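**Student:** Below you'll find the structure I mean.
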Amino acid sequence: MIYHRALWELPYPSPIGDYNEYSSPMASLVLTDSSQLTSDSQHLGGPAVDTEKYNVVGCTKPPCRLRRKTEVAMEVKFTPEFDVPSVKNSVHALILNIPFPFIGVDGTNACDTIFETDGSKASCPLKGGKEYVYKNNFKVLEIYPKIKVNVIWSLATPDNKNVFCFSLPARIV
């Protein structure tokens, strides 16, 4: 996990509903339905994904229900603003304003999960200005507590430049 500032220096706005919105220069992307997507890239630290360009299977409205001992599939259409040599997943659950990494997903190589828009494998490097599709399945482990969280997800380059990001409330059940 890489921070540009110390954790206690990260700005957190006042709560929205039952959730706290996450505000950080840290990499970010989240899981839930596009009508409720938080896409303020200044708070997430990178280019936000358009709400019409992503899907989390089985999630129709927030909070996105993430069932323990299951696997969740997601798909995001994105266009990098610059050439990308390689990308890694940055995935955290924000609990009590503290980011906890999603074990087995955070920090993993994402190059094998990148596809052309026709469905063929793209992999890395990626060309700036060209549209791609990110497809990933991730396990919701039994060790995760049953709580409300904000899941923060992004793809980042080796030098921690965000390729895309978004965030939204979820519930681990």
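**Student:** Can you name every residue in the range 64-90 that is within 16 Å of I147 (Cβ to Cβ) and surrounded by 15 or more Cβ atoms within 10 Å (Cβ to Cβ)?
**Tutor:** C64, R65, L66
**Student:** Now for a different question. Which condition breaks for K130 when tested against (1) under 18 Å from R67 (Cβ atoms); (2) out of contact with any Phe, Trp or Tyr (no Cβ under 8 Å at 6 or more places or on another chain); (3) not aliphatic (A, V, I, L, M)?
**Tutor:** Of everything listed in (1) under 18 Å from R67 (Cβ atoms); (2) out of contact with any Phe, Trp or Tyr (no Cβ under 8 Å at 6 or more places or on another chain); (3) not aliphatic (A, V, I, L, M), K130 misses just condition (1).
**Student:** Further question on the same structure: Of all residues being assigned to a strand (DSSP E or B) and free of Cβ contacts under 8 Å to residues at least 24 places away in the same chain in the range 51-102, which is farthest from I114 (Cα to Cα)? Just the residue, please. Give the derivation first.
**Tutor:** First, the residues of the range 51-102 that are assigned to a strand (DSSP E or B): 54-56, 64-66, 70-78, 84, 88-95, 98-101.
Then drop every residue that is not free of Cβ contacts under 8 Å to residues at least 24 places away in the same chain, which leaves 55, 100.
Details: N55: 15, F100: 25 Å.
It comes out as F100.
**Student:** Within the range 103-135, how many residues are under 24 Å from A170 (Cβ atoms) and not in a strand (DSSP E or B)?
**Tutor:** Taking the range 103-135 first, the residues under 24 Å from A170 (Cβ atoms) are 103-110, 113-114, 133-135.
With not in a strand (DSSP E or B) added as a condition, the list becomes 103-108, 110, 113.
The total comes to 8.
**Student:** Right, another one. Among the residues of the range 140-157, write down those that are among the β-branched types (V, I, T) and outside any strand (DSSP E or B).
**Tutor:** Within the range 140-157, I143, I147, T157 meet the criteria.
**Student:** Looking at the range 129-160 only, could you name the residues that are under 15 Å from F78 (Cα atoms) and either of a type in the set (A, V, I, L, M) or surrounded by fewer than 17 Cβ atoms within 10 Å (Cβ to Cβ) (or both)?
**Tutor:** Narrowing the range 129-160 to residues under 15 Å from F78 (Cα atoms): 129-136, 153-157.
Passing the criteria: G129, K130, E131, V133, K135, L155, A156.
**Student:** Do you know which residues across the range 66-119 are at positive phi and not charged (D, E, K, R)?
**Tutor:** L96, N97, G104, G107, G119
**Student:** For the range 102-123, which residues satisfy the criterion of being at pLDDT below 95 and either of a type in the set (F, W, Y) or buried (at least 17 other Cβ atoms within 10 Å of the Cβ) (or both)?
**Tutor:** Passing the criteria: F102, V105, D106.
**Student:** Let me ask something else. Among the candidates V84, V91, which residue alone is aliphatic (A, V, I, L, M) and under 16 Å from the mean Cα position of the chain (by Cα)? Before the answer, list the steps.
**Tutor:** Working: V84 fails: under 16 Å from the mean Cα position of the chain (by Cα).
Exactly one residue qualifies, and that residue is V91.
**Student:** Moving on. Of the residues L126, L168, only one is buried (at least 22 other Cβ atoms within 10 Å of the Cβ), touching a helix residue (DSSP H, G or I) at 6+ places or on another chain (Cβ under 9 Å) and over 22 Å from V57 (Cα atoms); which?
**Tutor:** Selected residue: L126, the only one of L126, L168 that is buried (at least 22 other Cβ atoms within 10 Å of the Cβ), touching a helix residue (DSSP H, G or I) at 6+ places or on another chain (Cβ under 9 Å) and over 22 Å from V57 (Cα atoms).
The values are calculated or read from the model by the stated rules, or taken from the named source; none is laboratory data. Note that the structure is predicted; figures quoted are calculated from it, not measured. Glycine also receives a Cβ, built like all others from the backbone with ideal geometry; neighbour counts cover every protein chain displayed.
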